Amino acid sequence: MGEEFSVPEGASREERYALAEQQVEAVLKGEMDVIANLANVAAILKQCLDFFWVGFYRRVDGELILGPFQGPLACSRIPITQGVCGAAVRERKTIIVPRVEDFPGHIACSSKSKSEIVIPLVHDREVKYVLDVDSEVEADFSDLDKTHLEKIVSMLKDKYVI
Ligand code: SME
């Protein structure tokens, strides 16, 4: 199980991700429960990166159902035909949206959200979950976030059989 930890003041984004990855590795060790693991990963990302909203949606047939998250209240269900999350499922790839208002079909769970990144967790060629991160800052996500968040999703994927 993971231990309590703190983020050094003034740490760079890269350093924060390094700390997050270390913590994710520690909490996943020896724990196979999907909900416990997704919940702790959301908490680690919130604490390390201070994202506005970070959490998971689980794919059930043609829709995404809200899973463990950190942040304000969010939409419980998203059809896979809609939203940035739906697009990540359909395209089976990470999607970065610099300005959510420019993305056709974006679903605004909060008017404070300005940019977004969604990473799909693919198993047996099917998207089982998506990791969704929202920021209050426009164009907040880059390839650095994509690389590290995809790494964290792959750590989760390696960890359990869905
Ligand atoms: N904005 C997402 C919906 C989920 S919330 O941001 C938590 C979308 O367009 O799929």
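Computed from the coordinates by the stated procedures, all read-outs in this text should not be read as laboratory data. These numbers come from a predicted model, not from an experiment. Using ideal geometry, Cβ is built from the backbone for each residue, glycine included, and neighbour counts are taken over all protein chains shown.
Among the listed residues ALA36, ALA42, identify the single one that is within 16 Å of the ligand (Cβ to nearest atom) and closer than 25 Å to GLU126 by Cα.
ALA42
Could you identify the single residue in ASP134, ASP145, ASP140 that is within 10 Å of the ligand (Cβ to nearest atom) and under 15 Å from the mean Cα position of the chain (by Cα)?
ASP134
Checking PHE52 against (1) free of Cβ contacts under 8 Å to residues at least 40 places away in the same chain; (2) under 21 Å from CYS109 (Cβ atoms); (3) crowded, with 19+ Cβ neighbours inside 10 Å, only one condition comes out false. Which one?
Checking PHE52 against (1) free of Cβ contacts under 8 Å to residues at least 40 places away in the same chain; (2) under 21 Å from CYS109 (Cβ atoms); (3) crowded, with 19+ Cβ neighbours inside 10 Å, the one that fails is (1).
In segment 68-93, which residue that is more than 8 Å from the ligand (Cβ to nearest atom) and touching a Gly at 6+ places or on another chain (Cβ under 8 Å) is farthest from ALA43 (Cα to Cα)?
Among those residues, the one meeting the criterion is THR81.
Looking at SER115 and the list (1) away from the ligand (no atom under 13 Å from the Cβ); (2) touching a Pro at 6+ places or on another chain (Cβ under 6 Å), which single condition is not satisfied?
Checking SER115 against (1) away from the ligand (no atom under 13 Å from the Cβ); (2) touching a Pro at 6+ places or on another chain (Cβ under 6 Å), the one that fails is (1).
Pull up segment 108-146, narrow it to residues that are in contact with a strand residue (DSSP E or B) (Cβ under 6 Å, 6 or more places away or on another chain) and of a type in the set (Val, Ile, Thr), then point me to the one that is surrounded by the fewest Cβ atoms within 10 Å (Cβ to Cβ).
Looking at the filtered set, the residue picked out is VAL127.
When the residues of segment 78-97 are narrowed to those that are more than 16 Å from the chain's Cα centre (by Cα) and not acidic (Asp, Glu), which ends up nearest to ALA139 (Cα to Cα)?
That would be GLN82.
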